[in-house]
1. On a 0 to 90° scale, report how tilted helix 42-54 is relative to the longest principal axis of the chain, with both axes built from alpha carbons and the result rounded to the nearest 10.
2. Any chance you could run the full-extension gain for LYS192 through ALA215? It's 0.36 nm times the residue separation minus the Cα-Cα distance, nm to one decimal.
3. Using a 10 Å cut-off around each Cβ, can you sort ASP18, ASP129 from fewest to most neighbouring Cβ atoms?
4. Using r as the Cβ-Cβ distance of GLU160 and GLU139, and R0 as 30 Å, what FRET efficiency do you calculate, to the nearest 0.05?
5. So what is the 222 nm mean residue ellipticity for the chain from helices alone, if each DSSP H run of at least 4 adds -39500 (n - 2.57) and you divide by all residues, rounding to the nearest 500 deg cm²/dmol?
6. For GLU91 and ASN229, what does the FRET efficiency come to when R0 = 25 Å and r is the distance between their Cβ atoms, rounded to the nearest 0.05?
7. Starting with the highest mean, order 146-153, 225-232 by the number of other Cβ atoms within 10 Å, averaged over the residues of each peptide.
8. Rounded, prolate or oblate: pick one for segment 145-231, where a ≥ b ≥ c are the square roots of the eigenvalues of its C-alpha gyration tensor, a/c under 1.5 means rounded, and failing that, prolate if a/b is larger than b/c, else oblate.
Amino acid sequence: MKFQSDVSVELVRHSADDSDVVWAARVSTAGEQSLEAVSQDPQRARGLINYLMRDRHGSPFEHNSMTFFVSAPIMVFREFHRHRVGWSYNEESGRYRELQPVFYVPGRERKLVQQGKPGRYEFVEGDDDQHRLVAEAMEQSYRRSYEAYQKMLEAGVAREVARAVLPVGLFSSMYATCNARSLMHFLSLRTKDERATVPSFPQREIEMVAERMEAIWAGLMPLTHAAFNAAGRVAP
């Protein structure tokens, strides 16, 4: 049995570049010649991308693709799957394979205590006793639930039935495919950033996934990423 406090995100394949945004935007005026103009004037490309982002001309940001392999607790995927427009998902299935005993336990840096009313709350640091309680309670619960899962499997119970005893702290994995526009919308809701004009208060565990996705995307499309930040991290 394995307990871990981190998530993982891997870029599996992509077709994503700032030039994809430029030629998609220019085709309306230049036709197929827009492909030839992309690399000839980088400064002009930057200005065009900034203009499209600022004035929320969003469709040119859809002509690209990124596929990520994500490993995270099931509770993260519960939130992730709320993002439906521009996303495709394939998650590992507990109906067809035996689920492995990898479970989430928050690290010491995870803030544990919620203060305030819904809509006006904040999270603050937990003390040593609270962190110890969380780790011990989670690990004990995970051990009991996975033991029950194993007993049912050994007795011949179908995987799709036995999995019902497993908690949302169990790690799952999925392929998630999106374009830059859908990713920007995801980031605007699932990260907390001082540059954002519309504040967001994401659960920390999905924010960890979002931060890793953003770092990968920023390397693929740096002009688009910079424009997103300059425009207050609002998706076009």
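We did not get these values from a lab; they are worked out from the coordinates using the rules stated. Everything numeric here is computed off the predicted structure, so don't read it as measured data. Neighbour counts are summed over all protein chains in view; Cβ atoms, including those assigned to glycine, are modelled from backbone coordinates with ideal geometry.
1. The angle comes out near 60 degrees.
2. Between LYS192 and ALA215, full extension yields an extra 6.8 nm.
3. Starting with the residue having the fewest Cβ neighbours, the order is ASP129, ASP18.
4. The calculated FRET efficiency here is 0.70.
5. -13500 deg cm²/dmol, from helical runs alone.
6. FRET efficiency, GLU91 to ASN229: 0.25.
7. Listed from highest to lowest mean packing, they are 225-232, 146-153.
8. Because a/c hits 1.5 or more and a/b exceeds b/c, segment 145-231 counts as prolate.
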